[in-house]
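J.: One structure is given below, represented as structure tokens, and several questions about it will come after.
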Amino acid sequence: MNNIRSTLATVWRIAVPYFRSEDKWAGRGLLAAVISIELALVAIDVLLNQWSNRFFNALQEYNFDVFVREIGVFCLLAACFIALAVYQLYLNQWLQIRWRRWLTRHYLGEWLHRANHYRMQLQGDTADNPDQRISEDVKLFIERTLDIGLNLLNSVVTLLSFVVILWGLSAAAPLHLFGKDFDIPGYMVWGALIYAIFGTALTQWIGSPLVQLGFQQQRYEADFRFNLVRARENSEQIALLKGEGAERQQLWQRFNNVVENWYGIMSRTKRLTAFTASYSQAAVIFPYILVAPAYFAKKIQLGGMTQTASAFGSVQKALSVFVTIYRTLADWRAVVARLDGFETSIARAAAFADGAGSIGVDSSGGGKAIDLRGLEVRLPDGKPLVAADGLSLRSGERTLLTGPSGSGKSTLFRAIAGIWPFGQGSIAIPADASLMMLPQRPYFPIGTLHGAIAYPGKTESFSADQIRDALDLVGLPQLGIRLQEDAHWNRMLSLGEQQRLGVARALLHAPSYLFLDEATASLDEPSEAALYKLLAERLPQTTVISIGHRSTLDAFHQRNIGMVRDGDRFALRDGKPA
């Protein structure tokens, strides 16, 4: 029971914000229309139940006129049912896509807000494969929530409608056994209730493991799919290392997880299906067995018998909704658990960035430098890495940061960028300053080359002529004719070409502070020198902070800060001017 309450509370928390959003009136209107049609469909079921009594009595009495009239009534009811069912599906799908669009935008906004996506990975959260949760789980959540909700509504309304009918029919056709009538008020209602309780209890006992199995299946499927994509993205390195055999073995092992879990689902589903199919088939004949003695004792007519069986079936189906939708319910609970975990992971990442024990980044100051105050950068496991106190990265200076590999130079850049929360202290950044980080392997989104270079700005932020000029300056004029070409540029271009494009991006955006994390390390020294001279000429107001190991970089920087060992961490030491 606690699990059910917890699941419903989670569903409410995920679902309700949409119906309070800017799209609330469209969402509420569509939901109201879908519910109204569902109620109308139940009403038609009630009318058809009454129709069956008149129709089969007409057959028993050989009354042709009534027979023809009831055929006409049936055609009218069937036409209304079809029209309502078609429009309910249409409006349901319309609601689904609007709800999905809002919820997807909401999750994308939260996931990509202030580097939450990055911190979630650093914290090792269990919300793996966010791509699956945003694309597939959101879709399934909306579909299953509406499906299950309408099923439950239909069951409740059907139960209330047909219990009254079945109770009255029980009085008209008393239980007749051994030649005697037994006056048991509403005995067919009690029979349906006992039958449904029995089926529900057994269904829960047989099918409960499907919830966890469904959760694991989605996880294994997503993990296998992610590693296939990763192998494709790194195909060159795999080929160079001749790692096809190792890659095949790892992928096969992940696929084996999919297969083994699927066998568990198959086994449990077989048992559940065997029971539910038997239960459903028995439900067809069970009401006839109950009412047959009264019929053969001529207490009721054929129409009354068929109406009773139909009403019994409706009540039994309403009471047995848990049995009929159990597999869907199990999958839905797994989806709800995954979205709940995703939301929790995002909230944890956001809270950690602003909470105690994290590095504070203040970008509202009025100074002219980036000031590091009492800064201690740590690894995710809490191990100290870098300490800095009272150090300023002064505006207009070109600073070279040097030190041994693993001393935390790149991690310090991440902390200044505000995406590395592990540690303590504060970093003050001028309010009007813009920062740009150029890593050793720059990122380019899949799309046009124009858009890839303009990133993270909009494509239209820079004209084609501005892009071509930047390409000419960084030594890539041949790419000027490919600006509208769609491609995966991180795979199409060499690392050296990508680094040149990174510098072109910096020239276009002209940030206040430019951080170069070995951003030219794949170029030869003359090319690297040419790019540093270009930055000095074209961005004279930009403060440049570089990480590098080549001694030739000294000539392009006015200041050198070294990373030196200080106990269990590295400290920043201001050296002589570079």
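Nothing in this text is a laboratory measurement; each read-out follows from the coordinates by a stated rule. Computed from a predicted structure; not experimentally measured. We place every Cβ from the backbone using ideal geometry, glycine too, and count neighbours over all the protein chains shown.
J.: Can you tell me the 0 to 90 degree angle between the C-alpha axis of helix 495-509 and the longest principal axis of the chain, rounded to 10?
T.: Helix 495-509 sits roughly 90 degrees off the main axis of the chain.
J.: In whole Å, how far is the Cα centre of region 517-532 from that of region 279-319?
T.: For region 517-532 versus region 279-319, the Cα centre distance is 86 Å.
J.: Checking the cross-link filter: which lysines have an alpha carbon closer than 25 Å to that of LYS533, excluding same-chain neighbours under 8 positions apart?
T.: Result set, ordered by chain and number: LYS368, LYS409, LYS576.
J.: Let me ask something else. Given region 306-393 reduced to its alpha-carbon atoms as identical point scatterers, what log10 I(q)/I(0) does the Debye formula return at q = 0.18, 0.23 Å⁻¹?
T.: At q = 0.18, 0.23 Å⁻¹ the computed log10 ratios are -0.95, -1.14.
J.: What aspartates and glutamates does LYS317 reach when the alpha-carbon gap must be under 14 Å and sequence neighbours fewer than 8 apart in one chain are set aside?
T.: List returned: ASP45.
J.: While we're on this one: Tell me, what ³J(HN,Hα) does each residue in region 209-219 have, in order and in whole Hz, if you take phi through Karplus 6.51 cos²θ - 1.76 cosθ + 1.60 with θ = phi - 60° and put x for Gly and Pro?
T.: x, 5, 4, 5, 4, x, 4, 5, 4, 4, 5
J.: I've got another one for you. Could you let me know the centre-to-centre spacing of region 53-69 and region 387-418, using Cα atoms, in angstrom?
T.: 92
J.: What does the charge dipole of region 100-354 about its Cα centre add up to, to the nearest 20 debye, if the Cβ of each Lys and Arg holds +1 and the Cβ of each Asp and Glu holds -1?
T.: It works out to roughly 420 debye.
J.: Something else now. On a 0 to 90° scale, report how tilted helix 138-172 is relative to the longest principal axis of the chain, with both axes built from alpha carbons and the result rounded to the nearest 10.
T.: 10
J.: May I ask you to derive the FRET efficiency for ALA555 and LYS368 from their Cβ-Cβ distance with R0 = 25 Å, giving the value to the nearest 0.05?
T.: 0.50
J.: Using only the alpha-carbon atoms of region 386-506, report the extent along each of the three principal axes, biggest first, to the nearest angstrom.
T.: That gives 49, 32, 24 Å along the principal axes, largest extent first.
J.: LEU251 to GLN424: extension gain in nm, 0.36 nm per residue of separation minus the Cα-Cα distance?
T.: Residue separation times 0.36 nm, minus the Cα-Cα distance, leaves 58.3 nm.
J.: With label points built 7 Å along Cα→Cβ from the Cα atoms of TRP190 and ASN3, find their separation and express it in nm.
T.: 3.3
J.: Would you kindly calculate the translational diffusion coefficient of region 360-574, applying Stokes-Einstein with the Kirkwood radius from alpha carbon pairs, for 10 °C and a viscosity of 1.306 mPa s, and quote it in µm² s⁻¹ without decimals?
T.: The diffusion coefficient I find is 88 µm²/s.
J.: So what is the relative contact order of region 360-574, in percent, for Cα pairs below 8 Å that sit 6 or more residues apart?
T.: About 29 percent, as a whole number.
J.: Distance in nm between label sites at GLN93 and ALA297, each 7 Å beyond Cα in the beta-carbon direction?
T.: So the label points at GLN93 and ALA297 sit 5.3 nm apart.
J.: Let me ask something else about it. At a Cα cut-off below 19 Å, give the aspartates and glutamates reachable from LYS270, other chains included and same-chain residues fewer than 8 away excluded.
T.: GLU260, ASP331
J.: Moving on. Mind ordering 246-257, 443-454 by average Cβ neighbours within 10 Å, highest first?
T.: In descending order of packing, they fall as 443-454, 246-257.
J.: Assigning unit charges at the beta carbon (Lys, Arg +1; Asp, Glu -1) and nothing else, what dipole magnitude in debye, to the nearest 20, does the chain show about its Cα centre?
T.: 760
J.: Work from the charge dipole of region 245-306 (Cβ charges, +1 for Lys and Arg, -1 for Asp and Glu, about the Cα centre) and give the residue of ALA297, ILE285, LEU272 farthest towards its positive end.
T.: ALA297
J.: So between ALA431 and ALA464, what do we pick up on full extension, going 0.36 nm a residue minus the alpha carbon distance?
T.: Gain in length upon complete extension: 8.8 nm.
J.: Per 20 Å bin, what is the whole-percent P(r) computed from every C-alpha pair distance within the chain?
T.: 15, 36, 25, 15, 8, 1
J.: So how compact is region 100-354: Cα radius of gyration and Dmax in angstrom?
T.: Rg, Dmax (Cα atoms, Å): 26.3, 89.
J.: Residues of region 534-578 with the amide nitrogen closer than 12 Å to a label point 7 Å from the Cα of GLU525, along Cα-to-Cβ, please.
T.: 550-555
J.: Turning to a different aspect of this structure: Between ARG482 and LEU39, what is the FRET efficiency for a Förster distance of 56 Å, r being their Cβ-Cβ separation, to the nearest 0.05?
T.: Calculated transfer efficiency: 0.40.
J.: Then there's this: Using 0.36 nm per residue of separation minus the Cα-Cα distance, give me the extension gain between LEU508 and GLN121 in nm, one decimal.
T.: Extra length available between LEU508 and GLN121 comes to 136.2 nm.
J.: Still on this model: What nm distance separates the two modelled labels at ASP472 and TRP12, each placed 7 Å from Cα along Cα→Cβ?
T.: Taking the two extended label points, one gets 6.6 nm.
J.: What angle, in degrees between 0 and 90 and rounded to the nearest 10, separates the Cα long axis of helix 326-354 from the longest principal axis of the Cα atoms of the chain?
T.: 30
J.: Using the alpha carbon gyration tensor of region 209-272, what are the three equivalent-ellipsoid semi-axes (square root of 5 times each eigenvalue), largest first, in whole Å?
T.: 31, 11, 6
J.: At a Förster distance of 25 Å, what's the computed FRET efficiency of ARG230 paired with TYR263, Cβ-Cβ distance as r, to 0.05?
T.: The value I calculate is 0.45.
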